[in-house]
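Following: one structure in structure tokens, then a few remarks.
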Amino acid sequence: MESQTAEKILQINKLEKRYQSGPKELHVLKDISFSVDAGQTISIIGPSGSGKTTLLGISAGLDLPSSGSVLIDGIPLESLDEDSRAALRNQKVGFVFQNFQLIPTLTALENVMAPLEIRGESGARSKAIELLAKVGLKQRLDHFPIQLSGGEQQRVALARAFINNPKLLFADEPTGNLDEETGSSIVDLLFNLNRDAGTTLVLVTHDHELAEKTDRILQIKSGVLIEKIR
Amino acid sequence: MQTRNQPSTHSSSLPISLGWILKSAWRDARRNRRKLLLFASSVVFGVAAMVGVNAFRINLQNEVQSQSKELLGADFRIGSRSPFSQEILQFVESLAPSERSSEVSFTTMANFNEADATRLVFVKGLEGPFPWYGKLETIPDDIHPSDTTPEPVAIVDEGLSIQFGLEIGDSVKLGDQTFTIAAFLKKIPGDSPMAGTFAPRILIAKQHVESTGLIKLGSRVFYAQSFIYPNGWNEDKQNTLKEIKPLLKEQRVSETTVQERVEDVGETMDRMTDYLNLVGFISLLLGGLGISGSVSAYLKGKHDTVAILRTFGSSSQASLLIFGIQISLVALIGSIVGASIGIGIQFALPTILASFLPVNLALSIPWSNVIASLLIGWAFASVFAYIPLLPLRRITPLSALRSGFDESQPAKRDPWTWAIYTVICLGTTGLSIWLSNSLLNGILFIVGLALALLAIGGIGLALRTTLKRLSTKRFPFALRQGLMNLYRPNNRTQFLMITIGMGTFLIYTLFLSEKGLLQQGEIERGENQPNVILFGIQPDQKDGIETLLKSMNLEMLASEAIVTMRLTAINGETASKIKSIHGEEVERWALRREYRSTYRNYLREDEEITSGTFTPKASFDSDTPIPISIEERIVEALNLQLGDILLWDVQGLPIETQVTSIREVDWKQMKPNFFVVFPEGILEPAPSTFVVATYAQDTETNAILQKQVVTNYPNVSVVNLDFIIESLSKVFDKIAFAIRFMATFTIFTGLIALTATIITSRYQRVKESVLLRTLGCSSKQIRAILITEYATLGILASVSGILLSLIAGWALATFTFQVDFSIPWTDTLLTVVAVSLLTLVTGLLNSLGIASHPPLETLRKEA
């Protein structure tokens, strides 16, 4: 049993999420269960408002479900408080957002260093420079986000996502704010970095072409998950 | 370092290093220097005022202690309006003084022959080596009236030498005696710093007083004796004094020891610094409001940063600490700058308040006090900043994923928010009590502030509710948008209303309190108001004075007899034993004072009977008490009622009287006014003097009149009211300057708070304006929207602040300063206009460029 769960980096069991919206209750996620093996890449696709981002948020421990459980690397998130979940994210999870979410007051280098600095790890600087070089931004280390293009900002975000050697990388519409050409180079970079690091990738997108690049595709529709068989 | 091979257990938050928090605080601050500078400025003036006034107070207290004996010049001193009895003299001798000095002082006219000028002066006839502590400061040095030759010489107030161009060797005639000026006087230990303001001092040897012929029946003379003892004033002597106190009280002899003088002087100085401190405290409070508001707007822009940090594992405490430390450090820098300015203020205050200081102030920087004030100011500002900081803890990482998402717990359920509010309430009250030096005043001040805060907050809420309900559909687009901005989500209405409204309230109340304070010293002037008063006229000189006035074509505006008397009993109870009348405590001064009453058969125009009936005539024939009229202040001080029986000692003769009327007197009219008016037919035979008032149209007539009076009637004193009024207004100008000096700090802080608040909310306005521009809004329309918003805010906030301060001003005038309150319409309107314009201009200046630059360029610049 233990060896079996150790291979499962993410386990979602009977997940439900409801929101109260005025007098009405919105049932956003309905009885969702799935698991992801270590090193696997999967994508969650679905139309706008289907609940994909909510599912990603709960899977990454950014939000709590109304019922059901989420286990990251065997650790049940519902048993942790907010700060412990933050610590877990710092050690095991990486993020790439649609709108990059770089800290505007930090330089590219400082943004990438941040996750390692938070945990007080030494060598953050050299590792961040190495990663920024990998994403082709060695010459832009001291630039603030406002001084970078959208594609460059997303590359910084990629470098930041990989700096803590995450076991699990969540990417929410990583190309959503980019033009086709830039988007395509970011996708290549994402998959290359992911392969090199052996990270498990959970990708949320409405782009079917992008989804096709992953090992598995989960489709969500009106809060219900269906595994797409290829 | 945890790698992917480490065991999969996890149960606690990351221990985040302080180093990283500090580094992050510094990194974030780099891009926000200007905003942070504004936070710092909000604190500067409040801390400066607190440090300055407190350092000054400490220096003053230390100097008063170290120069305590110089405040009296002796170990012990007694004084009385009549010569000391044998009993009193025996008592003071029983204390075995090693040396003694005696003094006779009175007010009279001086005739300066060489300058051909006359002037009302205060003469002190000294005998003995007084002062023993400190020295008579004279030019030339070391001249003492009793050291000199048997020739009559005088030491004349330095001010007179400047006024009349007097020189050593000139002569001054006091009554019948001419004195040679031997020196000019700078300072006498024991005299108040304001002594000599109205009647400059002239020191002579006591042995020459008699030869002036100025001490006659009815003259107002003060007798005093000072002593030193081989072992100083000790506990044994204090105990003996306690035993003899009833006798001293009975004989109306005042006694002063060094300790008492120190306490008196200390109290006066404390009152002065308490007031300055409260003014400073207002700037500190405004600074607190300013920092809280601007930090709140600043942190709104940090929402995303915190959310991102939270996704990467930063704990809620760490996120709070990053900005908490950043703002606290900025507040510390502001406090340090403030403290440095404060040190400058403490060097300026002695110059500004020089005329009121009893001691020469040797300035030093009381470091421990300066640091304490600095830390208190810093802590105060930091605590205020924590109100908007606390919600940072509640930002969820989910908002990094979903922009604008916020399902955080409402602030009112957060126990820490309540804890901060409690700390602010307790801290503010504590600080108010500490700075005002009084539990009651400190609490009253805070309660008043809290009520004002609630009232202005209530007006802000009412404004938003009204606007929400107001149908603006038919309004032009810009007006509608501007008004709607005041209640839309993320509006700054409540905060700006409170900052601008409270700022206006505090500053305008300060202005009204200054006005009330100065109004106390106001005197009514005019053609029909007398400007010369002649007093000390003996009955046989009265006709001569009348003839003199007539010959000079001067109208006699008032002529009244003065009979001195003392209150012996009220309703059969001895005055010296009375503690309360009609169940209420009485004010002792009204029982102990020497009354200078008059008699007449009419009421003057400026007097009004408020109850009872004025009796014009009476006689001793009927066996009933004599009906008298009492002025309202005495009625209040003694808690008197119509029908009360008052027994008077009229220079040895007991006269029983009854209160049959109560009068209101307009004290602002500089006529001879009286607490007690007797009817005609009673006091005529009593020894009396007369006082006459007239109006001299120019200084030349005034000078001729003075000269004539001094030459022909040397014992008659002439008071030049023009001069008194001038001296008074000089004194009040000095007080006003000191108050304004401190108020400037409040105004500066108010301006900074306003600017800080508006500037920090710029980003939000920029985003809205850019969106409107994108949708095709013209620059003109955007400007019109901003004008509507800021003008409405400015007008409403300033009107609410002004309304509240008028209420506070009325309360201050009525209960504290006891003057009539009238609304200064011009000042009030000007303030409303000024504050509204200031808000509008600050708002517009702050939005400069938004309307005229391409939207994208603006957004990129502001991000």
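Could you please find all residues in the stretch A:115-133 being modelled with pLDDT under 85 and aliphatic (A, V, I, L, M)?
The one that is modelled with pLDDT under 85 and aliphatic (A, V, I, L, M): A:I118.
Against the conditions (1) part of a helix (DSSP H, G or I); (2) in contact (Cβ under 8 Å) with a residue 24 or more places away in the chain, where does B:A362 fall short? Just the number, please.
Of the numbered conditions (1) part of a helix (DSSP H, G or I); (2) in contact (Cβ under 8 Å) with a residue 24 or more places away in the chain, the odd one out for B:A362 is (1).
Do the conditions hold for B:K249, that is, is it surrounded by 17 or more Cβ atoms within 10 Å (Cβ to Cβ), of a type outside the set (G, A, S) and farther than 30 Å from B:I443 by Cβ?
Values: surrounded by 17 or more Cβ atoms within 10 Å (Cβ to Cβ): no; of a type outside the set (G, A, S): yes; farther than 30 Å from B:I443 by Cβ: yes.
Here the answer is no, as B:K249 does not meet what is asked.
As an exercise: evaluate A:A60 against (1) of a type in the set (G, A, S); (2) crowded, with 21+ Cβ neighbours inside 10 Å; (3) closer than 11 Å to A:I220 by Cβ and give the number of the one condition it does not meet.
(3)
Go through the residues of the stretch B:324-334 one by one and say whether even a single one is free of Cβ contacts under 8 Å to residues at least 24 places away in the same chain, in a helix (DSSP H, G or I) and of a type outside the set (D, E, K, R).
No, the conditions are met nowhere in the stretch B:324-334.
Within the stretch B:587-657, considering only strands (runs of 3 or more DSSP E) that don't extend past its boundaries, which have at least 1 residues that are among the basic types (K, R)?
Qualifying strands (runs of 3 or more DSSP E): B:594-599.
From the list B:A55, B:A25, which one is among the hydrophobic types (A, V, I, L, M, F, W, C), more than 30 Å from B:T256 (Cβ to Cβ) and either at pLDDT 85 or above or surrounded by 19 or more Cβ atoms within 10 Å (Cβ to Cβ) (or both)?
None of the other options fit; the residue is B:A25.
Go through the stretch B:639-659 residue by residue and tally those that are touching a residue at least 40 places away in the same chain (Cβ under 8 Å) and of a type in the set (D, E, K, R).
Final tally of qualifying residues: 2.
Under 9 Å by Cβ, and 6 or more places apart or on different chains, what pairs join a residue from the stretch B:623-638 that is more than 19 Å from B:E680 (Cβ to Cβ) and surrounded by fewer than 16 Cβ atoms within 10 Å (Cβ to Cβ) with one that is at pLDDT 90 or above and not charged (D, E, K, R)?
So the pair list comes out as B:R633/B:F675.
Testing B:R252 on (1) within 14 Å of chain A (Cβ to nearest Cβ); (2) on the phi > 0 side of the Ramachandran plot, one condition comes back false. Which one is that?
All conditions are met except number (1).
Write out, first by first residue and then by second, each pair whose Cβ atoms fall under 8 Å of each other, whose residues are 6+ apart or on separate chains, and whose first residue, in the stretch B:803-818, is closer than 16 Å to B:E636 by Cβ while the second is at pLDDT below 80.
Partner pairs satisfying both residue conditions: B:T816/B:S513; B:T816/B:G516; B:F817/B:S513; B:F817/B:G516; B:F817/B:L517; B:F817/B:Q519; B:F817/B:Q520; B:Q818/B:Q520.
Can A:G151 be described as assigned to a loop (DSSP other than H, G, I, E, B), more than 19 Å from B:V306 (Cα to Cα) and under 18 Å from the mean Cα position of the chain (by Cα)?
The answer is no for A:G151.
Can you say whether B:S319 is more than 9 Å from chain A (Cβ to nearest Cβ) and either in contact with a strand residue (DSSP E or B) (Cβ under 9 Å, 6 or more places away or on another chain) or closer than 17 Å to B:T755 by Cβ (or both), as far as the supplied structure shows?
Details: more than 9 Å from chain A (Cβ to nearest Cβ): yes; either in contact with a strand residue (DSSP E or B) (Cβ under 9 Å, 6 or more places away or on another chain) or closer than 17 Å to B:T755 by Cβ (or both): no.
Against the criterion (more than 9 Å from chain A (Cβ to nearest Cβ) and either in contact with a strand residue (DSSP E or B) (Cβ under 9 Å, 6 or more places away or on another chain) or closer than 17 Å to B:T755 by Cβ (or both)), B:S319 does not qualify.
Of these, B:A851, B:A863, which one is within 14 Å of another protein chain (Cβ to nearest Cβ) and modelled with pLDDT under 75?
B:A863
Quick grid of which residues meet (1) farther than 27 Å from B:V64 by Cα; (2) not acidic (D, E):
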position: B:W233; (1), (2): no, yes
position: B:I244; (1), (2): yes, yes
position: B:E255; (1), (2): no, no
position: B:L289; (1), (2): yes, yes
position: B:H303; (1), (2): yes, yes
position: B:A307; (1), (2): yes, yes
position: B:L320; (1), (2): yes, yes
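Let's see how each residue does on (1) touching a Leu at 6+ places or on another chain (Cβ under 7 Å); (2) aromatic (F, W, Y); (3) more than 30 Å from B:R27 (Cα to Cα):
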residue: B:R271; (1), (2), (3): no, no, yes
residue: B:G301; (1), (2), (3): no, no, no
residue: B:S314; (1), (2), (3): no, no, no
residue: B:S319; (1), (2), (3): yes, no, no
residue: B:A331; (1), (2), (3): no, no, no
residue: B:S364; (1), (2), (3): no, no, yes
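Run down B:E70, B:E87 and say which single residue is at pLDDT below 85, of a type in the set (D, E, K, R) and on the phi < 0 side of the Ramachandran plot.
Of the residues listed, the single one that is at pLDDT below 85, of a type in the set (D, E, K, R) and on the phi < 0 side of the Ramachandran plot is B:E70.
Suppose we filter B:T178, B:T148 for residues that are farther than 25 Å from B:V258 by Cβ, modelled with pLDDT under 85, surrounded by fewer than 20 Cβ atoms within 10 Å (Cβ to Cβ) and in contact with a strand residue (DSSP E or B) (Cβ under 7 Å, 6 or more places away or on another chain); which single one remains?
It is B:T148.
Restricting to the stretch A:100-130, and then to whatever is within 7 Å of another protein chain (Cβ to nearest Cβ) and of a type in the set (S, T, N, Q), can you tell me which residue is surrounded by the fewest Cβ atoms within 10 Å (Cβ to Cβ)?
Within the stretch A:100-130, the match that is surrounded by the fewest Cβ atoms within 10 Å (Cβ to Cβ) is A:T105.
Testing A:N164 on (1) within 20 Å of B:G301 (Cβ to Cβ); (2) facing chain B (nearest Cβ under 9 Å); (3) assigned to a loop (DSSP other than H, G, I, E, B), one condition comes back false. Which one is that?
Evaluating A:N164 over (1) within 20 Å of B:G301 (Cβ to Cβ); (2) facing chain B (nearest Cβ under 9 Å); (3) assigned to a loop (DSSP other than H, G, I, E, B) leaves (1) as the failure.
Just the residues that are surrounded by 22 or more Cβ atoms within 10 Å (Cβ to Cβ) and at pLDDT 85 or above, please, taken from the stretch B:341-369.
Selection gives B:G342 alone.
Any residue in the stretch A:18-40 that is on the phi < 0 side of the Ramachandran plot and free of Cβ contacts under 8 Å to residues at least 12 places away in the same chain sitting within a Cβ distance under 8 Å of a residue that is in a strand (DSSP E or B) and crowded, with 16+ Cβ neighbours inside 10 Å? List the pairs, counting only those 6 or more apart or interchain.
Listed pairs, sorted by first residue: A:Y19/A:V28.
Any residue at all in the stretch B:261-268 that's modelled with pLDDT of 85 or more, in contact with a helix residue (DSSP H, G or I) (Cβ under 9 Å, 6 or more places away or on another chain) and among the basic types (K, R)?
no
If I ask for residues that are more than 7 Å from chain B (Cβ to nearest Cβ), in a helix (DSSP H, G or I) and touching a residue at least 12 places away in the same chain (Cβ under 8 Å), which ones from the stretch A:69-99 would you list?
A:L77, A:E78, A:R85, A:K92, listed by residue number.
Just checking, does the stretch B:486-493 include any residue being at pLDDT 75 or above, closer than 28 Å to B:A297 by Cα and not hydroxyl-bearing (S, T, Y)?
Yes, the stretch B:486-493 has at least one match.
Of the residues that sit in the stretch A:167-179 and are aliphatic (A, V, I, L, M) and within 12 Å of chain B (Cβ to nearest Cβ), which one is surrounded by the most Cβ atoms within 10 Å (Cβ to Cβ)? Steps first, answer last, please.
Step one: of the stretch A:167-179, the residues aliphatic (A, V, I, L, M) are A:168-169, A:171, A:178.
The next check asks that each one be within 12 Å of chain B (Cβ to nearest Cβ); those that pass are A:168, A:171.
Working: A:L168: 21, A:A171: 27.
Among those that are aliphatic (A, V, I, L, M) and within 12 Å of chain B (Cβ to nearest Cβ), it is A:A171.
Considering (1) away from chain B (no Cβ under 14 Å); (2) free of Cβ contacts under 8 Å to residues at least 40 places away in the same chain; (3) more than 22 Å from A:I12 (Cα to Cα), say which one A:I226 fails and leave the rest.
Of (1) away from chain B (no Cβ under 14 Å); (2) free of Cβ contacts under 8 Å to residues at least 40 places away in the same chain; (3) more than 22 Å from A:I12 (Cα to Cα), only one is false for A:I226: (3).
The values are calculated or read from the model by the stated rules, or taken from the named source; none is laboratory data. Predicted, not measured: the structure shown is a model, and the values here were computed from it. Glycine also receives a Cβ, built like all others from the backbone with ideal geometry; neighbour counts cover every protein chain displayed.
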